[in-house]
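The values are calculated or read from the model by the stated rules, or taken from the named source; none is laboratory data. Since the structure is predicted, the reported quantities are computational estimates derived from the model, not experimental observations. We place every Cβ from the backbone using ideal geometry, glycine too, and count neighbours over all the protein chains shown.
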Amino acid sequence: YQGTIIRSCQLPAETEDGYRVQVLANIELSEEVSTVINNGGEGIGLFRTEYAYLNRSDLPDEEELTEKYTELATIMSPHKVVLRTLDLGADKFMSYFGPLDEANPAMGLRAIRFCLKHQDLFHTQLRAILRASACGNVSVMFPMISGLKEVHQAKEALERAKAELTAEGIDYDHDMQVGVMIELPAAVMIAEILAQEVDFFSIGTNDLIQYSIGIDRTNPHVSYLYQPLHPAIVRSIKYVVDAGHRAGIGVSLCGEVASDPYCVPILMGMQIDSLSLTPQAIPGIKRILRQLRMPECKQLLKEVLHCRTVAHINKLVTENIYKKY
Ligand code: PEP
Ligand code: MG
């Protein structure tokens, strides 16, 4: 059985009736690349760059970061590598800055907010990302965007880094794609506006569920409320996918939802462009994808959008998709 999964994972990620979707990987360390390739991953949809900053007392410099990102981009080339800028704060701290004195760190100075406050650190990272873009198919992605101003500020910082590299005669991809993560309900609601500013969206459901349902994703007392198929979450994802597609940009999903067999048929019904998941989950999800048929996924989505409860949605997925297997 395991052998069948391993072999079939090198087949294209497409439904039984030929609808292609990209299956990418979420990684934290470059060492995970061999697992991604062996498991049939078609690129890196989320590189959590913060791990280069954790468990040390100093900050990585531009050379160290450039080397790390370049190695990854080169190994994966021509496949895409989406480098997310630092997502520190909340539950991830750098000893260099120490934990911040915040009553609600998850709602505090994290991710893009932290980078926009610490512009030097952000600038170093952006220069390294741009330098790596000369060696492969690199995109940059900003986490925890809550409004248009943050996108403008982040893009201005990117332009400053580009201008410097140009002046120094250092090569980079002038057309490097820029994306934002949709992780906050505010970002969902202004998806149409954000879509005008970027090349792609990546929906971070781990945080989107936390902030939409109002539950700390690390708190076991409320983990029973962490429901990916909550009607509010399904509607939010649909809203973002549609807004992205209307604006002509690709929409990916990189939260744990992308590796949930109950969510994947619904996401396919929305015509999501790519799924980015933990490398170990890729073979199983590809195997499911290859058995789905788009008319069934679209019909399922239609019915799911009328459901009032998670239980009803689960029942529909079981009856319409999984009863066959
Ligand atoms: C997410 O929030 O869904 C996500 C992929 O980012 P992280 O889990 O790193 O916060
Ligand atoms: Mg997140």
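Looking at the stretch 174-188 only, could you name the residues that are surrounded by fewer than 19 Cβ atoms within 10 Å (Cβ to Cβ) and touching a residue at least 24 places away in the same chain (Cβ under 8 Å)?
Answer for the stretch 174-188, where residues must be surrounded by fewer than 19 Cβ atoms within 10 Å (Cβ to Cβ) and touching a residue at least 24 places away in the same chain (Cβ under 8 Å): Gln177, Val178, Pro185, Ala186.
Of everything in the stretch 46-87 that is touching a helix residue (DSSP H, G or I) at 6+ places or on another chain (Cβ under 8 Å) and basic (Lys, Arg), the residue that is surrounded by the fewest Cβ atoms within 10 Å (Cβ to Cβ) is Lys68. Within the stretch 112-132, the residues that satisfy the criterion of being buried (at least 24 other Cβ atoms within 10 Å of the Cβ) and away from ligand 2 (no atom under 16 Å from the Cβ) are Gln125, Leu126, Ala128, Ile129, Leu130, Arg131, Ala132. Of everything in the stretch 241-266 that is in contact with a Phe, Trp or Tyr (Cβ under 6 Å, 6 or more places away or on another chain) and not in a loop (DSSP other than H, G, I, E, B), the residue that is nearest to Ile193 (Cα to Cα) is Gly244.
Could you check, for the stretch 221-232, whether at least one of its residues is assigned to a helix (DSSP H, G or I), closer than 28 Å to Glu32 by Cβ and among the hydroxyl-bearing types (Ser, Thr, Tyr)? Yes, the stretch 221-232 has at least one match.
Criterion applied to Val240, Val257, Val251, Val264 was being out of contact with any Asp or Glu (no Cβ under 8 Å at 6 or more places or on another chain), closer than 30 Å to Glu156 by Cα and of a type in the set (A, V, I, L, M), and the one residue passing it is Val240.
Cβ-Cβ contacts under 8 Å between residues 6 or more apart (or on different chains), taken from a first residue in the stretch 87-107 that is under 19 Å from Asn219 (Cα atoms) to a second residue that is of a type in the set (Gly, Ala, Ser) and part of a loop (DSSP other than H, G, I, E, B), are listed as Gly89/Gly108; Ala90/Gly108; Glu102/Gly108; Pro105/Ala90; Ala106/Ala90. Within the stretch 225-232, does at least one residue satisfy the condition of being out of contact with any helix residue (DSSP H, G or I) (no Cβ under 8 Å at 6 or more places or on another chain) and over 30 Å from Leu158 (Cβ atoms)? The answer is no; no qualifying residue exists. Any idea which residue in the stretch 75-110 is farthest from ligand 2 (Cβ to nearest atom), counting only those that are over 18 Å from Gln177 (Cβ atoms) and among the polar types (S, T, N, Q)? Looking at the filtered set, the residue picked out is Ser95.
Of the residues making up the stretch 172-214, those that are within 16 Å of ligand 2 (Cβ to nearest atom) and touching a His at 6+ places or on another chain (Cβ under 9 Å) are Ile209, Ser212, Ile213.
Of all residues in the stretch 210-256, those that are at pLDDT below 95 and at positive phi total 0.
When the residues of the stretch 148-169 are filtered to those that are hydrophobic (A, V, I, L, M, F, W, C) and in contact (Cβ under 8 Å) with a residue 40 or more places away in the chain, the one that is surrounded by the most Cβ atoms within 10 Å (Cβ to Cβ) is Ala154. Entry remark, the stretch 253-263: residues being of a type in the set (S, T, N, Q) and within 13 Å of ligand 2 (Cβ to nearest atom) number 0 in total. For the structure I just gave you, tell me whether Leu184 is more than 18 Å from Gly269 (Cβ to Cβ) and either basic (Lys, Arg) or touching a Phe, Trp or Tyr at 6+ places or on another chain (Cβ under 9 Å) (or both). Judged against the criteria, Leu184 is a match.
Looking at this structure, is Gln299 under 29 Å from Val81 (Cβ atoms), surrounded by fewer than 17 Cβ atoms within 10 Å (Cβ to Cβ), among the polar types (S, T, N, Q) and at pLDDT 95 or above? It is false that Gln299 is under 29 Å from Val81 (Cβ atoms), surrounded by fewer than 17 Cβ atoms within 10 Å (Cβ to Cβ), among the polar types (S, T, N, Q) and at pLDDT 95 or above.
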